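Following: one structure in structure tokens, then a few remarks.
The values are calculated or read from the model by the stated rules, or taken from the named source; none is laboratory data. Just so we're clear, the structure is a prediction, and the values are computed from it rather than from any experiment. Here the Cβ is made from the backbone with ideal geometry for all residues, glycine too, and neighbour counts use every protein chain on show.
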Amino acid sequence: MDQQMTIRGMLPGDSAVVRKVKATGELGRRIRDMGVAPGTKIQLLGRAPLRDPVEIKLRGYNLTLRNNEADFIFVEPVRDSDE
């Protein structure tokens, strides 16, 4: 697969691999400090009622991101059979 999107484009239950973090400066550093880096597998667990923030699972823990943070994280969807 070579179809990239941001986390905002994912649906609850979808899995993906982080391909790129386009944020720079303080925001980019903060996102990477939270463990979001290229090659990391994530799963979208859900969204708040107004669709912001989103909750993802990665590296054995849950992380909540605002949409403005999630928009800088580009992922490639994976199916269960791709793992």
Those residues of region 7-33 which are buried (at least 16 other Cβ atoms within 10 Å of the Cβ) and either within 11 Å of the chain's Cα centre (by Cα) or assigned to a strand (DSSP E or B) (or both) amount to 7, 8, 9, 10, 14, 15, 16, 17, 18, 21, 31
Within region 35-82, the residues that are touching a Lys or Arg at 6+ places or on another chain (Cβ under 9 Å), touching a residue at least 60 places away in the same chain (Cβ under 8 Å) and either of a type outside the set (A, V, I, L, M, F, W, C) or part of a loop (DSSP other than H, G, I, E, B) (or both) are 71, 72, 76
### Query
In region 48-71, is there at least one residue being among the charged types (D, E, K, R), buried (at least 16 other Cβ atoms within 10 Å of the Cβ) and closer than 14 Å to residue 4 by Cα?
no
All conditions in (1) closer than 13 Å to residue 8 by Cβ; (2) modelled with pLDDT of 95 or more are true of residue 68 except (2)
